[in-house]
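Q: Structure incoming, see below.
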Amino acid sequence: MFSNNSNMPFTHHLLNDGYGIGFTAYSNPPTVTLPRLKGITTGSTPNFIDAVLNIAEDDTSSSLGDNDSWVKQMHSNGWRINMFGDDTWLKLFPDYFSKTDGTASFYVSDFTIVDNNVTRHLDYELSAEGKGKWDCLILHYLGLDHIGHKGGPGSSNMPMKQLEMDSIVKKIFHDVLENDEDTLLVVMGDHGMNEVGNHGGSSIGETSAALGIFSSKFKKFVDADSHDWNNGCKAPVEQNPDFSYFHKIDQIDLVPTLTTLLGFDIPINNLGNFLPQLFPLYSAEEQRNVLIKNALQLKVLLDKSKNEKTKLEEDVSNIESTSTLLE
């Protein structure tokens, strides 16, 4: 998504022109889809039994049910969520979606149908009529993953598939984001892959996943005060073995960030931190409140894990400095 081996020029344009923020997001092992989806929706770290459940297609014990997540928060707040793509989402959240079209993820020799099955919905979903029937749209494409499994990250099939994904970003931007600063687009991989295209383990390639957050609201800050969301980093970035692209974060940091941006409660089992790169969206007092909210949620989780009431070094609500709260 970011390097000079990436064939995603429009995505690079959005990052370079102030519409997007780039991250290399550490995805906790096991780096397979089911546990990673649990992580990026609840903010918790996965269990290795989830790697087994990932291939047990008839298993229902992997459902998150009533576990707290941003999907549950959206549903509880009356949001209509449409999901197209990897049917792991249907296994995890069987009752939360208004409209679905699931695709089995194990036909790894197919690079085309699995993605066309998602894209064929976009013309309607992004039309004036379609946009009025959802509040959150989840699109989980599988082609890049399948190409990696068959030919590795250097497969000759990669450039065209990346360009196809770039065209999806472009369509969503022009049809939704360009004239609507209250819409957020998150583009991400649930995991990476190693040098031969496999994943599941803990190598740096498998645990380094791209994450881009895009909004027209970001562009306003650039135009108003020349704010640089990516600290001078421009795409494409020279490919490097450390995957040091843009900002390095934990993937689960998306969870408190997303729920806070949307005005929801942070999921109770979240271990992530609000992304400070987004602080410019808030006033100094709002930044402090965001961090206090995150800190208190983490304290409750700590208290539950120890079955006792822990005492913070000082009451976080009395801390005035955002830098101190971050520490």
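Q: Over the chain, with a Gaussian network built from C-alpha contacts below 10 Å, which listed residue (LEU302, LEU139, LEU126) shows the highest mean-square fluctuation?
A: It is LEU302.
Q: Top mean-square fluctuation among ASN28, ASN270, ASN289, Gaussian network model of the chain, C-alpha springs under 10 Å?
A: Of the options given, ASN289 has the highest mean-square fluctuation.
Q: From Cα pairs below 8 angstrom and at least 6 apart in sequence, can you work out the relative contact order of the chain, rounded to a whole percent?
A: 27 percent.
Q: While we're on this one: Please compute the alpha carbon radius of gyration of region 233-312, then divide it by the globular-protein estimate 2.2 N^0.38 Å. Two decimals is fine.
A: 1.34
Q: Could you tell me the extents of region 161-206's C-alpha atoms along the three principal axes, largest first, rounded to whole Å?
A: In descending order, the Cα extents are 41, 22, 11 Å.
Q: Output the peptides 33-46, 272-285, 216-229 sorted from most to least packed, where packing is the average of other Cβ atoms within 10 Å over each peptide's residues.
A: 33-46, 272-285, 216-229
Q: Show me the three semi-axes of the equivalent ellipsoid for region 239-285, from the C-alpha gyration tensor (sqrt of 5 times each eigenvalue), largest first, rounded to whole Å.
A: One finds semi-axes of 24, 15, 7 Å for region 239-285.
Q: Something else now. Set Lys and Arg Cβ to +1 and Asp and Glu Cβ to -1, take the dipole of region 209-259 about its Cα centre, and tell me which of LEU211, THR257, ALA224 lies farthest positive.
A: Highest projection toward the positive end goes to ALA224.
Q: Separate question: With the Cα gyration tensor of region 158-236 in hand, convert its eigenvalues to equivalent ellipsoid semi-axes via √(5λ) and list them largest first in whole Å.
A: Computed over region 158-236, the values are 29, 17, 11 Å.
Q: Right, next: So what are region 9-250's ellipsoid semi-axes, whole angstrom, largest first, if each one is the square root of 5 times an eigenvalue of the alpha-carbon gyration tensor?
A: 26, 23, 18
Q: Among the helices of the chain (complete DSSP H runs), which have Cα atoms covering no less than 20 Å along the helix axis and a Kyte-Doolittle mean of at least -1.0?
A: Length and hydropathy pass: 158-172, 284-306.
Q: For the chain, what proportion of DSSP beta bridges, expressed in % and rounded to the nearest 5, is antiparallel?
A: Restricted to the chain, the bridges split so that about 40 percent are antiparallel.
Q: Moving to a separate point now. Take the alpha carbon atoms of region 23-42, find their center, do the same for region 62-112, and report the distance between the two centers in whole angstrom.
A: 15
Q: Same structure, new question: Using the alpha carbons of region 195-261, what is the convex hull volume per residue in cubic angstrom, as a whole number?
A: With only Cα atoms used, region 195-261 gives 123 Å³ per residue.
Q: Moving to a separate point now. Using the alpha carbons of region 104-164, what is the convex hull volume per residue in cubic angstrom, as a whole number?
A: 86
The numbers here are math on the coordinates, done by the rules we state, and not lab data. All values reported here derive from a predicted model rather than from experimental measurement. Neighbour counts run over all protein chains shown; Cβ positions are idealised from the backbone, glycine included.
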